[in-house]
Every structure is written in C-alpha cells, then in structure tokens.
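The values are calculated or read from the model by the stated rules, or taken from the named source; none is laboratory data. Bear in mind the structure is a predicted one, so any value in this text is a computation, not a measurement. As a convention, Cβ positions derive from the backbone with ideal geometry for all residues, glycine included, and neighbour counts pool all protein chains shown. Areas reflect the complete protein model, heavy atoms only, side chains present, ligands, DNA and RNA absent. Shrake-Rupley method; radii C 1.70, N 1.55, O 1.52, S 1.80 Å.
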Amino acid sequence: MAKKGDEKGNKKTGAGHLYDASSISVLEGLEPVRKRPGMYIGSTGPEGLFHMVKEIFDNSRDEAMGGYTDEIEIALLPGEVVRVADNGRGIPVDIHKATKVSALETVMTTLHAGGKFDQGAYQVSGGLHGVGASVVNALSEWTRVEVHKDGEIWMQEYKRGKKVANVKKIGKSKQTGTIVTFKSDPAVFSETIYNWKRIVDYLREQAYLSKKVRIRAYDAREYSGKVDLEGCLYLHELELEIPSYSFYFEGGLISFVTFYNQTEKQVHKNIFSIEKDIVVENSKSINVEIALQYIDDITSHEYSFANNTPTPDGGTHLSGFRMALTRTLNSYAKKNNFVKDGEDAFTGDDVREGLTAVVSVKIPDPQFEGQTKAKLGSVEAQTAVNTVFGEAFNLFLEEHPDDARAIVNKVIIAVRARKAAKAAKDSVLRKGALEGMTLPGKLADCQSKSASESELFIVEGDSAGGSAKQGRDRRTQAILPLRGKILNVERARLDKMLASESVKNIILALGAAIGDTFNIEKLRYHKIIIATDADVDGSHIRTLLLTLFFRYYRPLIDGGFIYIAQPPLYKISKGKEINYAYSDEDKTKIMGKSAEIEETDSESEPESESESNNSETQKTKTSKYRVQRYKGLGEMNPSELWETTMDPSRRILKQVNIDDAMEADKTFEILMGDEVEPRKLFIQANAKLAEVDV
C-alpha cells in the first residue's frame, strides 16, 4: 500500500482536482438492479458472474490508469468470496452534499454515482466508477468495503445492496487504498462458482495494457489454514502455499505481442511499437499505443482496446489502424520497387495475413456502440490512430530494411496465394462442388425443414453414427458421421479444404457455403452439436472441428449455433435403478463415499482368493452397484445414447463461445505447428492432466 504523503496517496488528481465527496455525482437510485440484473451485467449465468469480478477490478485498474496505484490484488476466498485490493487513493468517505451520507455509501448504494462522471477526478477511465460497484453490491449476498485514507481505516458492510450500518472508523493506517470483498448472491445467479482461468487470462491481459502495474491473483478457495484471509491487506504478505499468479510487464504491448507469438514462427525479428499522445481537433488528448509483428500464418490476430476495455468488434480505432497499415505498406512497396507499375495494390486482407497486432487507445469520454462496449464509436480515435501509426510505421520500415523486406515479401506471397486460391475455388465451384450438389450420402437428415428446430450431430465414426441414427428424433435431429480425423485447416487454404471429403461433407450439410459465398440465412440447422468420444482421439477431432468453425465459420460461433455434447462417463446400476454420471464427482454423489474405497466394475470377477476376500470386506458398501465406464459413444446402445446425450429434456450441452474456439485454435497451433520447443513445453505442462486407458 502507498505510504501517506506519497504522490499516489495524495488526494489531488493529475489536474489538481480534489478527489473527495464533491467529486461524486448522483444520477438515480439502485432499485432496478435486482429486478433486472441482466440489463446491468448481461446475464445471471457464468458471464454475469465474471462481470461481477471485472467491475470491481476495473475500478482499481482505473486508479492505475490515472497513476494513483501500482499494485492490485484479486483473490477468490473459501465459499466463492471475491476480494479485490489496491493501493490507490481510497474511495472518499466524507459527507456528500446531495445525499447527506458518506460518499462511500453513495458510491456503493446509488446507481450512476461515481468519480467517472466528474471530469476532474478521472481524466481517462474504462467505465463509470460507482456504477459497477453499486451493481455488484446490489447483486451480492453481502459486501464489505474497507478504505485506508488520511491515516484512518474506514469500513462499511452491506446486505443485498443495503447498508448494515453507517461508515465507521475501525483503526489507524499509514497506507492508502480500497479493499472490496463480496459474495455473489445465489438467489440471483444460476451458479456462483468462478472460472479461475478466465479471471487469470483477463488479469494477464490487463497487466500488458497497464505496464509497470503489479497485478496478483490468488485462488484460495480450498484454503483451510488458520490465518484469517479477510483480515489482511495483501495475501502475498502471508506467503501461503496457494495457487497464484503475479503479472508485471515493463514492455507493455511489446510483451503482449511476444506472449501471443511465443509458439509461432516470426517473419521478422523486431516487434514494431509506438506510444504517443496526440491532440485532435476538439482539443482532446488521445493516447495511442500499438504493437505488431508478422508470423508465418494465413490468418490475422488483431486485439483492440479502448481505455483498457476490450473491443472485440473493433471500431474507429481499429479502422484507423487498418487504413494506415494498408496505405503505408503499399507506399513502401512501390517506393522500393517491390511491385511493378500496373500491378494490383495490396488489399486490406493481404496486409493483415499473418499479422498479430494490439491497438490500444486511451480517450476521455469514449463513445461505444451498444451497452456491451464491444465497439468503439469515437470518430476522433480513427484520426488519432491513423496519424500516429502511419507516421511511426513508415519510419520503422525505413529504419529496419530487413524487417521491412520480410514483411512486404510476406504480403506479396499473400497476394499470389489469394489469386491462386480464388482461381482454384472458382474452378471447383464451376464444377458444382457446392452449388446444386446433393447432400452427402453419410448424412441422415431430419424431416423438419425449419432450421430453427433442426439439429445436426457431428459424430465420430460409423459405430457412434449407427447408434445415433437409430436413437435420434428423426423429425428434428440429423446425424453426420465422420470417418477418421478431418483435415487440419490450420494452414490450409480454401481450395485445399474443398478437396477434403470430410470438410466438404460438413460444408454441404450446413448448407451455408463458405468463404465469400457464405450466407448464414441458408444455414440448415440452428444447433450444430459436436459429439466425440472422451478420449485423446475424440479431443483431437473436437479441436479440429472448433478450429474449422473458428477460422471459416466465425458467425456461427458468434450467433451461438455451435455446441459440444457432454456424454456421461459412467452408467451406474443399483437393482433396477439406473443413473448416469457425467464426472467422477457425479459418480461419488450417486454411490456415496464407498466409491472412493472401491470401484466395482460390472464385467469383472475376482481372480484369486485374496482378491475375493477383499471384495467380501467391501461388499456391504459397494456390491449393490454396477459401474460401467463408457470409452466412446459407439459403446452405447441407441436408447442409452438418446437418454444421455440426445434427448433435449435430459441432455447436457455446452454452448461454444469465442473464447472456447480461440483456446482450441491456440492449442492446435502449439500441437501442430512447426516449432518443436513450444509443443514440448505444452506436453510437459499438461502431461499429468492426461487420462491414459490401459
């Protein structure tokens, strides 16, 4: 925590504006939040639960963007309790003129109350400080806020958004900062178990964007020691043996690009980077930070942010970057005779092939399109990025001729490949590979012609396909069996893909074509369900399919059309009663603790007197159960497959989101890429997670 009197602990902002109760503006009350939580956090499922953590963390991160904190810690405590601490200025605790109560209470219990509305308190922010805090407070079973400020420790507690008591002093402190601890309300959320990996990935990303800020993460949910984890300032001071990460990057976006390209073959050595403030026409000062590097790949990876908030749909800042990239590379190539007069200019797709780029802008009062902040709409951001990046990248090319030559040659190869692929694709299409052809012979189509109620199960092999065809609901469920592994589309262009029988069958079955002829309106099924075995081969095929959809059918993922079936691992019989267990935890719940002592297999018999005696000693606990482990969908008869995996009233489906697809794509790059060392490290790191059937 910052010492009292430190620059970060001073109550004045960078503009000399006091950060006290007068900095907090109030717009409206808090009552609507619990009635319509989805309006404020998107959903009451896993996405909304993650949003709760993000809102509180982002408040601390905004302190860091203003230069008032350099250390943030987030911890998951026993009971799925979240704790976020920073060494910033501390939320004001003095009396607010409008509400007549503490500014802390105002921030935590009033919607649209926060320092982000006051132009002096925060020059740049990712959100509205107080909006997030009050929403989280309203949707939490309980919340506790502890503020270290002006030599004192102040505290207030809340239940479901309402204060338990007034703000009170609880001690002395030589530090400054805010600690927010909360437990999401199980009455609001469908589940309250946090996705640790997703939180860590987000914190890592934010650390890259907030260089020289230390961000720590602790998963203390399984902690059972005697130390009071809620009674300390920072968990790292306790030196506990609990899962943790610590992120700190001097290089900022250079480190970001290095991380994403660590398993890739780089086209050029030096990573381009620029960070610069520029004043635009309306006198706004915009900070532009960009880093990029080309890799040996055929797709692009562009990550854009506005005030450290991810903008997955891009926006004006990304448009400005793309315009400048295309213009600068065309100009450089012509100037240095890489292309001849009369040859076609590079297109935007050409110059982005194999590109890894991060575009980040920090802008006062950003304008986003929609409530999710997925797309930046501020017009001045386009001008700022276009100008700053264009000038800096042109200078980079001039000062690094070897890198420039490698980049331009990469683009020229992309141009040639684009023309060759188009010619090949046109030739294939003219021969009727997609248009006018009948559906693949292996497809057992459904009777319904309504895409909204139709489902396509993509299954592994003829055995599983046979069971699925017999067990399905023929009216709405179609089955497409795949023989063997499908084509690795990681580095395959469209013409090669169309020559692959398995890929072509998927394309024909979907009915929406592919590439620039893709038309989602012609999609024949609104549920595309990947149903593969729970083994290494099944995982491989599933990853290949997710990579195909990620690379060539992104709208199907964005639209929520792709699912993964979750077949059971065990069939557990007890007399005439049959239960299915989808995990080892389910099996334990069904069989009780006896399952931890001995797993009884329905097919096995004792082979020796010693083994027989051992079975007798456990008989009272386990002999009532017969346990069959499924190694593949083909082992299930049609009725079992229907009951467990295909029946809409009982099955479990996982809807694939873009994070799942990106993770699969990244994993496949590691496992199937040209670089040996990343693959070796990945296998070593994940070896103990693998299940081996003997």
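Here is how the numbers come out for the structure above:
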quantity	calculated
Residue tally, condition hydrophobic (A, V, I, L, M, F, W, C) and open to solvent by 10 Å² or more (accessible area, probe 1.4 Å), over the stretch 344-362	2
Flag if I242 is surrounded by 14 or more Cβ atoms within 10 Å (Cβ to Cβ), under 21 Å from D62 (Cα atoms) and not polar (S, T, N, Q)	no
Only one of A220, A165, A207 that is at pLDDT 90 or above and open to solvent by 40 Å² or more (accessible area, probe 1.4 Å)	A165
Cβ-Cβ under 7 Å pairs, at least 6 apart or on other chains, the stretch 560-578 side more than 18 Å from D533 (Cβ to Cβ), far side in a loop (DSSP other than H, G, I, E, B) and open to solvent by 40 Å² or more (accessible area, probe 1.4 Å)	F561/H526; K574/K624
Hits in the stretch 520-537 (condition: under 18 Å from M636 (Cα atoms), in contact with a strand residue (DSSP E or B) (Cβ under 6 Å, 6 or more places away or on another chain) and not in a loop (DSSP other than H, G, I, E, B))	I529, I530, A531
Which numbered condition I578 misses (of (1) modelled with pLDDT of 85 or more; (2) in a helix (DSSP H, G or I))	(2)
Residue list for the stretch 419-441, restricted to those being in a helix (DSSP H, G or I) and modelled with pLDDT under 80	A420, A421, K422, A423, A424, K425, D426, S427, V428, L429, R430
The lone exception for I562 - which of (1) open to solvent by 50 Å² or more (accessible area, probe 1.4 Å); (2) touching a helix residue (DSSP H, G or I) at 6+ places or on another chain (Cβ under 6 Å); (3) at pLDDT 90 or above it fails	(1)
The stretch 245-267: number of residues that are part of a helix (DSSP H, G or I) and either among the charged types (D, E, K, R) or open to solvent by 60 Å² or more (accessible area, probe 1.4 Å) (or both)	3
Count of the stretch 268-299 residues which are outside any strand (DSSP E or B) and open to solvent by less than 50 Å² (accessible area, probe 1.4 Å)	7
Residue within the stretch 330-339 that is closer than 20 Å to G251 by Cβ and either under 24 Å from the mean Cα position of the chain (by Cα) or open to solvent by 30 Å² or more (accessible area, probe 1.4 Å) (or both) present	no
First in the stretch 372-383 and within 12 Å of E281 (Cβ to Cβ), second anywhere and assigned to a loop (DSSP other than H, G, I, E, B) and open to solvent by less than 30 Å² (accessible area, probe 1.4 Å), Cβ under 7 Å, 6 or more apart	E380/V280; T383/V280
Residues that are crowded, with 20+ Cβ neighbours inside 10 Å and either modelled with pLDDT under 55 or touching a strand residue (DSSP E or B) at 6+ places or on another chain (Cβ under 8 Å) (or both), drawn from the stretch 26-56	L49, M52, V53, I56
Selected residue [at pLDDT below 90, surrounded by fewer than 22 Cβ atoms within 10 Å (Cβ to Cβ) and closer than 22 Å to Q206 by Cβ] from G126, G66	G66
